[in-house]
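See structure below.
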Amino acid sequence: MKYRLWILLLALSLATVGGVASVAAAAQYSEKAAVSKNAAPDPADMGYTLARCGGRIGLYHGDELIYTTDVDVSGLRRVDRELIENGITAETYEDALALLEDFGD
């Protein structure tokens with residue numbers, strides 16, 4: 001009888017500790033999620049943008065200009081000019097370079 005009572009108490013203790021650990025883990029996850037919502041975005045997650053830069057096409061990573069092409073925006077077709085004026089985004093550097101190839105650079 002004492003053995004069964006001891007096992008029952010042990011099981012209840014483990015369940016309580018497991019429940020507390022689950023609550024603590026959930027609270028920690030919620031805290032990390034709240035911090036990540038308010039934190040500045042990581043530049044690595046910003047991707048790349050092709051946009052006008054002094055009359056030419058510029059390649060930006062986040063807000064930083066990393067390359068200016070020799071392609072004159074005024075020489076582009078109207079549709080392409082509008083795309084550049086609004087900014088064309090690419091997830092990776094390679095994707096951005098492929099887009100630049102489409103504009104002749």
> When the chain is fully extended, how far beyond the present Cα-Cα distance does Asp102 get from Arg81, taking 0.36 nm per residue of separation?
Replying inline: 6.3 nm
> Can you work out ³J(HN,Hα) from phi for every residue in the stretch 55-60, in order, using Karplus 6.51 cos²θ - 1.76 cosθ + 1.60 and θ = phi - 60°, giving whole Hz and x for Gly and Pro?
Replying inline: x, 10, 8, x, 9, 10
>> Sorting check: for 72-78, 88-94, 46-52, which peptide has the highest mean count of neighbouring beta carbons within 10 Å, and how do the rest follow?
In response: 46-52, 88-94, 72-78
> Using modelled backbone amide H atoms (1.01 Å from N, in-plane), which distant-in-sequence or interchain residues come within less than 5 Å of Ile57's amide H?
Replying inline: Thr69, Val71, Val73
>> If each residue of separation counts as 0.36 nm, what is the full-extension length gain between Thr68 and Tyr93 once their alpha-carbon separation is subtracted?
In response: 7.6 nm
> When Ile57, Ile84, Ile66 are ordered from fewest to most other Cβ atoms inside 10 Å of their Cβ, what list results?
Replying inline: Ile66, Ile84, Ile57
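The numbers here are math on the coordinates, done by the rules we state, and not lab data. None of the values given here were measured: they were computed from a predicted structure. Heads up, the Cβs are rebuilt from the backbone with ideal geometry, glycines too, and the neighbour counts pull from every protein chain shown.
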